[in-house]
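All of the numbers you see were taken from the coordinates with simple rules; none came from a lab. What you are looking at is a predicted structure, and each value in this text was computed from that prediction instead of being measured. With ideal geometry, Cβ positions are generated from the backbone for all residues, glycine too; neighbour counts draw on all protein chains shown.
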Amino acid sequence: MTLNDPLSNALSAVLNAERIGKKEVAVKPKSNLLQQVLSILNTNHYLGDVQEVEDGKGNFLVIPLLGMINACGAIKPRMSVTLDTYEKFEKRFLIAKGFGIIIVSTSQGIMTHQEAKQRKLGGRLLAYCY
C-alpha cells in the first residue's frame, strides 16, 4: 500500500471493510483532512462516530461502519469546481440526482456539494459517497 494519499487509502479501506461486512475499521495515518471528511460522512449518517486512538506513533482512527455505504472514494485529480459546474460532477460521480454526496474543499472549509451550492461557493473536489 502506498502512503501518497491518506484520504484515498482510508476511503478504500472503509469501502472494503463495508463490503465484507466488518463492524469497524482502523485507519492509519491520521490527518486533519481525513478527520474532517469522516466527520462529514458521520453527519450524513454513512459512518458512526470516529474515535482517535493514541499509540505513540502518530495515532490512528477507529471508524465504526453502519452498512450504509454503497460506494465511496477520493476524487483524483482534485478538480476545481465552480457554482455552474456542480451538476456536471454530480452526474459523473453520483448515481442519481439527490442521492449521495460530493465532498468539496472551499475557502470556508470542507463541506458537502449541497452546502457549497447553498452558500454559492466553488472549490476543489475531494471525495464522493453514496
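Some notes on this structure:
- Any hit, region 85-103, residues being part of a strand (DSSP E or B) and in contact (Cβ under 8 Å) with a residue 60 or more places away in the chain: yes
- As for region 116-126, it holds no residue that is touching a Gly at 6+ places or on another chain (Cβ under 9 Å), in contact (Cβ under 8 Å) with a residue 24 or more places away in the chain and either basic (K, R) or under 23 Å from E18 (Cβ atoms) (or both).
- Test: residue in region 50-70 that is of a type outside the set (S, T, Y), within 14 Å of the chain's Cα centre (by Cα), over 16 Å from A13 (Cβ atoms) and outside any loop (DSSP other than H, G, I, E, B): no
- Single unsatisfied condition, M79 versus (1) under 12 Å from the mean Cα position of the chain (by Cα); (2) under 22 Å from R119 (Cβ atoms): (1)
- So L33, is it crowded, with 18+ Cβ neighbours inside 10 Å, not basic (K, R) and not in a loop (DSSP other than H, G, I, E, B): no
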